[in-house]
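The values are calculated or read from the model by the stated rules, or taken from the named source; none is laboratory data. Because the structure is a prediction, the values reported are computed rather than measured. Quick reminder, even Gly has a Cβ in these numbers, built from the backbone with ideal geometry, and neighbours come from all protein chains shown. Surface accessibility is based on the protein's heavy atoms, side chains included, excluding ligands, DNA and RNA. Shrake-Rupley method; radii C 1.70, N 1.55, O 1.52, S 1.80 Å.
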Amino acid sequence: MAANEVDVFAHEEKRNLELGGHVGFDSLPDQLVSKSVAQGFCFNILCVGETGIGKSTLMNTLFNTTFENEEASHYQSEVQLRPQTYDLQESNVNLKLTTVHTVGFGDQINKEESYKPILEYIDAQFERFLEEELKIKRSLFNCHDTRIHICLYFIAPTGHSLKSLDLVTMKKLDSKVNIIPIIAKADTVSKSELDKLKIKIMSELVSNGVQIYQFPTEDEAVAEINTSMNTHLPFAVIGSVEEIKVGNKMVKARLYPWGSVQVENENHCDFVKLREMLLRVNMEDLREQTHTRHYELYRRCKLEEMGFKDTGLDSHSFSLQETYEAKRKEFLVDLQRKEDEMRQMFVNKVKETEAELKEKEKELHERFEQLKRMHQEEKKNLEEKRRELEEEMNAFNRRRVAAETLMGQALQGCSQQPFKKDKDKKNFFSLPSACSLTSGRNLN
C-alpha cells in the first residue's frame, strides 16, 4: 500500500506558482560562485607522448610559468608515470594543478604493454576516490581529487599517419579519460603537409573506433565556438617559454636562422585554440565529464562486481544488508573452497615430496651399498697387498740375516789368519835363543 502511495506521489504533476515579491533564492548562483572560489578548484592533466616530444615545454607555455621537471632519458626499461602538483592563482581563483608525465613511453623495443601503466594509474585514482565515497565518515570536499580530467596525447609530426602504438593506446584510454590529440612540434612540417596529416589522423581515429573528446555544443553560449574548434582537431601546437622581440612587442616564439615561429600566432599554430578550449571555455565540462561519464562507468562496474544492483521497474526493492550478507556468504564459500583446494594441494605436495624423498633414500641406500662393496673390495685388495709386502719383508729379512752371517764369518776368518802369522813369526825369532841356551847347558 505504501509503495502505491509513493508511485502516486512520484507521478503527481508539478504545479507552477508565482511569487508575490522578491524572496532571495535568485542569489544561489552567486552563493555557489563564492563557495567555489573559496574552496578552490583542481584540474589534472595527463600528458602522453614519447620522450623529448615537448610535453614539459607545452605545459610551461600553457600556464605561463616554469614547472620543475626532471629531464628523462631514452633508456627507461618500462613506462613510469610521474605526477607533480602545484598551487596556482589567477586573480582571486586558486587552482590545484596536477600534471602527470609518462616517462619512457615508446622507448622500449617491445611496446605492446606500454599503455598498461597508464591504465593502472587512471584506475588507481578512480579507486582512491571510490574508497573515499564508501567511507562511513567521508570528506569529499576536502579530499584532493586526483582523477585525470584530460589526456593530451602528443602525436609525433614524423610520418604520414598514426603509429600502431598511438592507436592502441588511445583505444584503451578512450573509455577512461577525455582525450584531446595534438600534433607536437608542428613547426617541423609545412602547412600543407600539416593539413593532410590532420585529415589522415582523424580518418584513422574514426575508422578504428577511437572516441576522442568533442567540445560540447549543447550550451548556446559556447556552441558556435566549440563547433568550430571541433573541426580543427587535432590541434597542431608549438611550445616555447622564450620571448623575442617582434616589431615593438615581446612574444613567445621559436627563433630560427630563417625567421621565427610565434607560439600565440594562430597563423603559425593552434596553441591559442588549445589554450582557449582547454582552460577558458571547457575546463568545467572536462571535470564534469570525468565525474559523470568515466568515473561513473568505473564505479558501476566496481559495484556490480561487488554484487550491488539497481532496483528495476519489475524488481523488488534493493536491500544493502541483504546484498552484503549474500556477498559475505559467497565470499566465505569461495574462501572455504580455496582453503580446501590449498589443503588438498598441500597434501598432494606432501605426498609428492614423500615419494621423492623415498626415491632419493632408495638411491642413497643403493649408492651406500655400492660404496660399501667397493670399500670391502678395496680393503680385501689392501689386505692381500699387505700380506704380500709382509712376505717380501720376511724374505728380505732372511736374506739380510744370511748375508750378515756370511759377512761375519768372512770377517772372522780374515781376523784369525793374520794372528796365526804373527805367532809363527814370534816362534821363529825365539828359536836361536833357545838353541844358545841349550848349547850353554851342554858346555857346562
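A few comments on the model shown:
- Residue 87 - accessible surface, heavy atoms, 1.4 Å probe, Å² rounded to 10: 120
- Under conditions of 10 °C and 1.306 mPa s, the range 21-63 yields 112 µm² s⁻¹ as its translational diffusion coefficient, taking Rh as the Kirkwood radius over Cα pairs in the Stokes-Einstein equation.
- For residue 358, a cut-off of 16 angstrom between C-alpha atoms picks up these lysines, skipping any fewer than 8 places away in its own chain: 349.
- Amide H to amide H distances under 5 Å link residue 178 with 151, where only residues 5 or more positions off or on other chains count and H is placed in the peptide plane.
- For residue 306, net neighbour charge (Lys/Arg +1, Asp/Glu -1) across residues whose Cβ lies under 12 Å away: +3
- Gyration tensor verdict on the range 102-201 (Cα atoms; rounded if a/c is under 1.5, prolate if a/b is larger than b/c, oblate otherwise): prolate
- In this structure the range 24-108 gives 55 Å² per residue of accessible area when probed at 1.4 Å with all protein chains present.
- Centroid-to-centroid separation of the range 69-125 and the range 23-61 [C-alpha atoms, Å]: 18
- Compared with the alpha-carbon gap, the fully stretched path from residue 19 to residue 407 is longer by 123.9 nm at 0.36 nm per residue.
- Where chymotrypsin sites (Phe, Trp or Tyr not before Pro) in DSSP loops with at most 11 other Cβ within 10 Å are excluded, longest remaining stretch of the chain: 259-444
- Think of it as helices only: each DSSP H run of n ≥ 4 in the chain is worth -39500 (n - 2.57), and spread over all residues that comes to -18000 deg cm²/dmol at 222 nm.
- Summary value for the chain: 11 percent relative contact order, contacts being C-alpha pairs under 8 angstrom separated by 6+ residues.
- Sparse packing (at most 11 other Cβ atoms within 10 Å of the Cβ) combined with a DSSP loop state is found for the following GluC sites (Glu not before Pro) in the range 115-219: 218.
- Rounded to the nearest 10 Å², the accessible area of residue 231 at probe 1.4 Å: 110
- Here residue 116 is the anchor, and the lysines within straight C-alpha reach of less than 28 Å, apart from those fewer than 8 places off in the same chain, are 55, 96, 163, 171, 172, 176, 185, 198, 200, 302.
- For residue 174, net neighbour charge (Lys/Arg +1, Asp/Glu -1) across residues whose Cβ lies under 14 Å away: +2
- Only aspartates and glutamates eight or more places from residue 351 in sequence, or on another chain, were considered; those with a Cα closer than 19 Å are 339, 340, 341, 359, 361, 363.
- For semi-axes √(5λ) of the Cα gyration tensor in Å, the value calculated from this model appears in [x] 109, 41, 22; [y] 31, 26, 21; [z] 40, 27, 20 under label [x].
- With Cα atoms, 0 to 90° folded angle of helix 164-173 axis to the chain main axis: 70
- Whole-Hz ³J(HN,Hα) from phi, Karplus 6.51 cos²θ - 1.76 cosθ + 1.60, for the range 136-148, glycine and proline x: 5, 10, 9, 9, 5, 6, 8, 6, 6, 7, 9, 5, 6
- Ordered from largest to smallest accessible area (heavy atoms of protein chains, 1.4 Å probe), the residues 294, 375 come out as 375, 294.
- Heavy-atom accessible area ranking, 1.4 Å probe, most first, across 65, 99: 65, 99
- The local environment of residue 348, defined by Cβ-Cβ distances under 13 Å, has a net charge of -2 under the rule Lys, Arg +1 and Asp, Glu -1.
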